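What follows is one structure encoded as structure tokens, with my remarks underneath.
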Amino acid sequence: MRVTVLGCNGSISGNLRTTCYLVDDDILIDAGTGAGDLGLQQAIAIDHIFLTHVHLDHTCLLPMLADAAGGFRSAPLTVHALPETLDALKRNMLNGELWPDYTIRPSPAQPYIRFSPITIGETVELSGRKITALPARHAVPCVGYRVDSGEASWVYSGDTTLDEEFWQTLNRIPNLKHLLVETTFLNAHEAAAIHAGHMTPRLLAQGLHLLRRPAEVHIVHMEAGHEAETLREILETAAAYRPVPVERGQVFEF
């Protein structure tokens with residue numbers, strides 16, 4: 001399997017793009033501004049989108065992808081997410097006012113988007129590829145995802161503060177290889193991070209101390225303008241885990 005990083009930042013600035021990961025050629029994990037770099041034929045090829053949560057930096061291009069590709073497709077784009085996330089999308093985005101409700105348009109019989117609710121721990125298998133929703137603790141209902149090729153697993157934490165259940169779940173993944181963890185706030189803003197459901201370098205180190213499996217640790221979703229300071233703080237507390245930042249355009253093969 002292959003995961004291509006279209007976006008991995010928490011905000012936009014210059015070349016930064018918000019969260020979007022392309023799995024092979026037909027699956028997206030989140031639909032932030034990174035999805036805007038897909039060409040039309042690439043957008044048409046997307047059959048499934050797995051959303052971590054409803055916040056705009058993870059969902060903003062979902063309606064535009066559906067709009068661009070829907071008329072060229074014979075089947076709806078399937079959006080997998082927690083029921084709370086799907087309800088919020090329907091209520092606040094695909095509401096006929098901010099954007100057309102593509103779950104019933106162009107027609108209820110042939111919509112551009114189909115919602116598929118998931119639950120934490122549930123696995124969706126697509127042509128032998130397994131994608132499992134993992135626990136997360138954010139300001140709104142949220143999940144992380146495990147992408148399992150059979151030989152190895154790639155895990156993305158989603159937006160989350162320190163969540164012991166997430167780390168214990170990782171310990172039950174025998175083929176864990178790549179671990180992408182958000183680290184949004186600096187240590188000085190830990191109270192705000194916990195309130196907002198995000199990580200700091202210190203909280204990341206506490207989570208990594210719970211990890212009992214070897215994994216390549218990758219850092220995502222750093223606050224724009226504070227990347228160097230965030231990495232410095234991460235290395236002060238978690239250098240033993242050799243964490244490295246993820247970059248737009250990076251490809252994981254596993």
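The values are calculated or read from the model by the stated rules, or taken from the named source; none is laboratory data. These figures come from a predicted structure and were not determined experimentally. Every residue, glycine as well, gets a Cβ built from its backbone with ideal geometry; the counts of neighbours run over all protein chains shown.
Worth pointing out:
- The condition (being out of contact with any strand residue (DSSP E or B) (no Cβ under 6 Å at 6 or more places or on another chain), at pLDDT below 95 and more than 17 Å from L162 (Cα to Cα)) is satisfied by just one residue among A228, A224, A240: A224.
- Condition check for R146: charged (D, E, K, R) and either at positive phi or not in a strand (DSSP E or B) (or both): no
- One residue alone among I234, I194, I219 is of a type in the set (A, V, I, L, M, F, W, C), in a strand (DSSP E or B) and under 23 Å from T52 (Cβ atoms), and that residue is I219.
- Test: residue in segment 124-141 that is assigned to a loop (DSSP other than H, G, I, E, B) and acidic (D, E): no
- Restricting the first member to segment 1-27 and to residues that are surrounded by 17 or more Cβ atoms within 10 Å (Cβ to Cβ), and the second to residues that are part of a loop (DSSP other than H, G, I, E, B) and β-branched (V, I, T), the beta-carbon pairs closer than 6 Å and six or more apart or on different chains are V5/V246; G7/T19; C8/V246; G10/T184.
- Answer residue from segment 46-85, given it is hydroxyl-bearing (S, T, Y) and not in a loop (DSSP other than H, G, I, E, B) and is farthest from the chain's Cα centre (by Cα) among those: T78
- The condition (being out of contact with any Lys or Arg (no Cβ under 8 Å at 6 or more places or on another chain) and either surrounded by fewer than 18 Cβ atoms within 10 Å (Cβ to Cβ) or at pLDDT below 95 (or both)) is satisfied by just one residue among A109, A136, A69: A109.
- Within segment 222-231, the set of residues being crowded, with 20+ Cβ neighbours inside 10 Å and assigned to a helix (DSSP H, G or I) comprises T230 only.
- Candidates T169, T183, T237, filtered to the one that is surrounded by 15 or more Cβ atoms within 10 Å (Cβ to Cβ) and over 29 Å from M1 (Cβ atoms): T237
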